[in-house]
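Have a look at the structure below before the remarks.
We did not get these values from a lab; they are worked out from the coordinates using the rules stated. The structure displayed is predicted, hence computed values, not measured ones. No Cβ is skipped: glycine too gets one built from the backbone with ideal geometry, and neighbour counts run over all protein chains shown.
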Amino acid sequence: MIKSAPETCSILVVENSDDFRAGLAEELRQLGHTVTMASHRKEALALGNLSEFDLLVSDLITRASAAEPDIVRSFKMAVTSSQARRAVAEVHGIIEKTLSFKLRRIDAAQPTDQIREKIEFELPSSLALMNGVLEYLVDRVARLGLIKVEQSNLFVALDEAFVNAVKHGNRNDTTKLLRITAELSAHEAIFTVEDEGAGFDVREIPDPRDLANLFKSSGRGVLLIYNIMDEVEYSERGTRLRMVKRPEGLRP
């Protein structure tokens with residue numbers, strides 16, 4: 001007998017700003033979920049068994065030294081329990097609410113030219129969860145001034161990367177995680193997409209530009225990624241893709 005997915009999730013929010021921590025917790029509680037709050041990572045670790053939480057949301061802002069005044073921000077959202085991985089509909093609502101809150105209340109609070117940001121997602125392999133993440137990342141890159149959304153194909157490249165990892169890497173298995181990392185600044189955006197699949201050799205993908213492959217659907221997404229991004233690198237097993245996007249004036 002298959003156990004039904006829980007209607008509510010247990011969420012841990014780690015944030016050193018009292019206002020932001022309380023605000024996000026309230027919005028998530030309005031969705032009907034149980035929220036535990038911690039002001040920093042040591043406090044979170046002191047809670048004991050973190051595996052009891054279905055989802056972790058961490059948004060810690062760290063200021064560098066006076067000689068290096070940039071603001072370094074780390075944001076992580078991770079699904080930690082197998083039950084939450086199966087409850088895609090519930091996790092979808094949490095992701096949308098969290099990213100909406102972050103854009104409205106946190107991302108707008110700092111001057112973009114002084115921000116270096118690392119964003120990490122560990123989410124079930126479901127395309128339903130990817131759209132909110134995709135729109136958020138493109139919005140962040142645009143706010144940092146790297147792209148103009150209406151003139152950029154960044155959305156297309158990231159979408160192809162996510163779809164390939166979910167469908168071809170993890171075979172739409174929601175018990176497997178998709179790990180997405182974005183390292184952003186006003187100078188470049190570095191994206192890493194990693195799946196838990198069996199892997200592949202990118203050199204074996206048919207070249208869609210070859211007349212012999214004209215009517216084959218495979219390979220077009222990879223070609224788009226190579227054409228849109230400034231740097232593209234697959235790991236030896238093909239389970240990890242690294243992509244770099246720079247402003248037009250900074251391209252080598």
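Mark the label point 7 Å from the Cα of Leu31 along Cα→Cβ and return the residues of the range 169-208 whose backbone N is within less than 13 Å of it.
Correct set: none at all.
Figure the gain on full extension for Asn153 and Arg171 (residue separation times 0.36 nm, minus the Cα-Cα span) and round it to one decimal in nm. Walk me through the numbers before you get to the answer.
Values: separation 18, 0.36 × 18 = 6.48 nm, distance 2.56 nm.
Fully extending the segment from Asn153 to Arg171 adds 3.9 nm.
Quick one: length gained pulling Asn16 to Ala108 fully straight, 0.36 nm per residue minus the C-alpha distance? Provide the component values of the computation, followed by the final result.
Details: separation 92, 0.36 × 92 = 33.12 nm, distance 1.68 nm.
Stretched out fully, the Asn16 to Ala108 stretch lengthens by 31.4 nm.
Given R₀ = 30 Å, what would the calculated FRET efficiency be for Leu223 paired with Ser74, taking r from the Cβ atoms and rounding to 0.05? Before the final figure, lay out each step's value.
Values: r = 33 Å, r/R0 = 1.11.
That pair, Leu223 with Ser74, gives E of 0.35.
Based on the Cβ-Cβ distance from Phe200 to Glu120, what FRET efficiency comes out when R0 is 30 Å, to the nearest 0.05? Present the calculation step by step, with values, prior to reporting the outcome.
Details: r = 24 Å, r/R0 = 0.80.
Result of the calculation: an efficiency of 0.80.
Could I have the simple spin-label model distance between Gln83 and Glu52, label points 7 Å from Cα toward Cβ, reported in nm to one decimal?
Using points 7 Å along Cα→Cβ, the separation is 1.2 nm.
How large is ³J(HN,Hα), in whole Hz, for each residue of the range 136-142 in order, when computed from phi with the Karplus curve 6.51 cos²θ - 1.76 cosθ + 1.60 and θ = phi - 60°, using x for Gly and Pro?
Calculated HN-Hα couplings, in order: 5, 5, 5, 4, 4, 4, 5 Hz.
May I ask which of Lys42/Lys167; Lys42/Lys176; Lys42/Lys76; Lys42/Lys245; Lys102/Lys167 have a Cα-Cα span longer than 26 Å here? Kindly include the intermediate steps, with their values, before the conclusion.
On the way: Lys42/Lys167 37 Å; Lys42/Lys176 28 Å; Lys42/Lys76 16 Å; Lys42/Lys245 35 Å; Lys102/Lys167 28 Å.
In this structure, Lys42/Lys167; Lys42/Lys176; Lys42/Lys245; Lys102/Lys167 lie more than 26 Å apart at Cα.
Based on the Cβ-Cβ distance from Ala142 to Thr8, what FRET efficiency comes out when R0 is 35 Å, to the nearest 0.05? Don't skip to the answer; put the middle values down first.
Details: r = 34 Å, r/R0 = 0.97.
With a Förster radius of 35 Å, E is 0.55.
Taking the Cα centre as origin and putting +1 on Lys and Arg beta-carbons and -1 on Asp and Glu beta-carbons, what dipole magnitude results for the range 26-177, to the nearest 20 debye? All intermediate terms of the calculation are to be shown ahead of the outcome.
On the way: 20 positive and 21 negative charges, 35 e Å.
The dipole magnitude comes to about 180 debye.
For the range 10-250, what class follows from the C-alpha gyration tensor (a ≥ b ≥ c being the square roots of its eigenvalues): rounded when a/c is under 1.5, otherwise prolate if a/b is larger than b/c, else oblate?
oblate
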